[in-house]
């Protein structure tokens, strides 16, 4: 026991009823709905509030992209927690790239309660980088907050860990509402243990689990899918009807297309988005686009978040002003980026990714309202090269089967999505516990003593949702980035270092550890305080592509923006 740490624990944390009331007051400002899309968003919210009185257990929330499921799922979670006496809401997202966005949405909605009402927790530059005070560091270690936003990696690896530091938050998961955003993104090779974990939390730990997605995967237990879970209670009464009413996109399969064949179609659009599977393909297409009117743009995870935000703000401004925009992006734009194009091209990938791409097309329904029918256009094409080998390629092949089925004319509809997941899961069934995690679980979980048979050491050694580990590079991007990096070089006060590390999240790029080591060996990175690595080569960061992650110089120095 630590008296000092005990004194740091929050004494006046707002109760769940107060948090719920604050959220509902925020949502009331959007009444009455100002558009057909907002009318449907209001209906989704009403469904969430109405179903919140159901007993704790497994739920699903199937809402098409743009249907307002982020705040509606939070409203369900808070009301459900108040009614049933649950202690907190844990919001689990798939990618670190969107954790700050979701946390900021929640903080804005709950701003009268102060920023600390929402706790972010994910791996970043430094274990303490998110937390600027002793009290907030302790809250992170213990998840001692009403609303916690974390990642799949943090959540599941904590549950399968052997270190006490990672296990200190486990009791917070009991008697909580746990919302899994974009549940279909769970890695297939860990799907079986993840599903078993969800069901265990709902069955034996008094928690409610909500599977939240636009494309609900077919993960219910059935004869051909024995590792599935008990059928969740759907919060929205008729997802198929909701899909039809929120349908804002006409989808068309173009078949195989080379870059040269695709280029005229892309250039013919005044405002068009093209999403591809690899950085190499994105760069090839971008280089082919004409740029006489300043209309071509490129987005990649090799650009630091501050750089991406500037680009996105410029793109959104041009879209609103009706200026030409042709954007080439990797799939990072599908992860919660609020952007609205009239036309979207998507390289063949998993059908869930294709549906996410459709969510960037006529997102606010303006074209659909004008024409009285779906006004956005989505074109799916098969690129010259298959997606990277592994699950990404398998997902594309499964999607190709659905696109080729003449009975599934609308391949964005719920029945097509269900067919896709059934095909995909059936083909990959042997890989769903590839790391043999379930062998570490006790054969039964009926008595407390059974937990003593859990093989935590072996489980922790084998359970890694991300196999390709990455290391961050700090980018002295713009005046703010340069100033923060320079101050980090000169600062030795631990509290100030933590503060700077937190702010530098917006100026970091994560690259594979092997590439990171090569840049270090070549002197392109310099090491500060033995753990921070700052880019020290101006030509290795480009205004169009971001970081060049290899020592050999592939960009002309005059293209650098540092």
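The values are calculated or read from the model by the stated rules, or taken from the named source; none is laboratory data. Everything numeric here is computed off the predicted structure, so don't read it as measured data. For neighbour counting, all protein chains shown are included, and Cβ atoms are generated from backbone atoms with ideal geometry for every residue, glycine included.
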Report task. Of all residues in segment 73-105, count the ones that are closer than 22 Å to residue 29 by Cα, within 21 Å of the chain's Cα centre (by Cα) and modelled with pLDDT of 95 or more. Result -> 5
Query raised in the report: Is at least one residue of segment 144-163 without any contact (Cβ under 8 Å) to a residue 24 or more places away in the chain and part of a loop (DSSP other than H, G, I, E, B)?
Result: no
Query raised in the report: Among 298, 307, which is the only one that is farther than 28 Å from residue 213 by Cα, touching a helix residue (DSSP H, G or I) at 6+ places or on another chain (Cβ under 9 Å) and in contact (Cβ under 8 Å) with a residue 60 or more places away in the chain?
Result: 307
Report summary line: Pairing a residue in segment 253-272 that is more than 25 Å from residue 314 (Cβ to Cβ) with any residue that is part of a loop (DSSP other than H, G, I, E, B), where Cβ atoms lie under 6 Å and the two sit 6 or more apart in sequence or on different chains, gives 258/384
Query raised in the report: Among the residues of segment 236-246, is there at least one that is in contact with a strand residue (DSSP E or B) (Cβ under 7 Å, 6 or more places away or on another chain) and modelled with pLDDT under 95?
Result: yes
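Quick one: in segment 277-293, of everything that is without any contact (Cβ under 8 Å) to a residue 12 or more places away in the chain and over 26 Å from the mean Cα position of the chain (by Cα), which residue is nearest to residue 357 (Cα to Cα)?
Within segment 277-293, the first condition is being without any contact (Cβ under 8 Å) to a residue 12 or more places away in the chain, and the residues that meet it are 280, 287, 291-292.
In the following step, the residues that additionally are over 26 Å from the mean Cα position of the chain (by Cα) were identified as 287, 291-292.
Numbers: 287: 22, 291: 24, 292: 27 Å.
Looking at the filtered set, the residue picked out is 287.
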Query raised in the report: Looking at this structure, is residue 286 part of a strand (DSSP E or B) and in contact with a strand residue (DSSP E or B) (Cβ under 9 Å, 6 or more places away or on another chain)?
Result: no
Requested in this report: Starting from residues that are over 22 Å from residue 376 (Cα atoms) and assigned to a helix (DSSP H, G or I), keep the ones in segment 257-276 and report whichever is nearest to the chain's Cα centre (by Cα).
Outcome: 259
Query raised in the report: Just to be sure, is residue 70 within 23 Å of the chain's Cα centre (by Cα) and either on the phi > 0 side of the Ramachandran plot or part of a helix (DSSP H, G or I) (or both)?
Result: yes
**Report entry** Out of 103, 50, sole residue that is surrounded by fewer than 22 Cβ atoms within 10 Å (Cβ to Cβ) and free of Cβ contacts under 8 Å to residues at least 60 places away in the same chain
**Finding:** 50
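Just checking, does segment 186-198 include any residue being assigned to a strand (DSSP E or B), out of contact with any helix residue (DSSP H, G or I) (no Cβ under 6 Å at 6 or more places or on another chain) and either surrounded by 23 or more Cβ atoms within 10 Å (Cβ to Cβ) or in the same structural domain as residue 335 (by TED's automatic domain parsing) (or both)?
No, the conditions are met nowhere in segment 186-198.
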Report task. Residues being at pLDDT below 85 and closer than 28 Å to residue 391 by Cα: count how many of those fall in segment 436-464. Result -> 1
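Out of the residues in segment 424-433 that are over 14 Å from residue 221 (Cβ atoms) and within 24 Å of the chain's Cα centre (by Cα), which is modelled with the highest pLDDT? Break it down into steps so the answer makes sense when it comes.
Of segment 424-433, the ones over 14 Å from residue 221 (Cβ atoms) are 424, 426-428, 430-431, 433.
Subsequent filtering for residues that are within 24 Å of the chain's Cα centre (by Cα) retains 424, 428, 431, 433.
Working: 424: 90, 428: 87, 431: 90, 433: 93.
Checked segment 424-433; the qualifying residue modelled with the highest pLDDT is 433.
Restricting attention to segment 76-98, which residues are touching a residue at least 40 places away in the same chain (Cβ under 8 Å) and either assigned to a loop (DSSP other than H, G, I, E, B) or surrounded by fewer than 23 Cβ atoms within 10 Å (Cβ to Cβ) (or both)? Spell out the reasoning first.
Filtering segment 76-98 for residues touching a residue at least 40 places away in the same chain (Cβ under 8 Å) gives 76-82, 84-98.
Listed by number, the residues that qualify are 79, 82, 84, 85, 86, 87, 88, 94, 95, 96, 97, 98.
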Query raised in the report: Right, residue 408: within 23 Å of residue 240 (Cα to Cα), in a loop (DSSP other than H, G, I, E, B) and within 23 Å of the chain's Cα centre (by Cα) or not?
Result: no
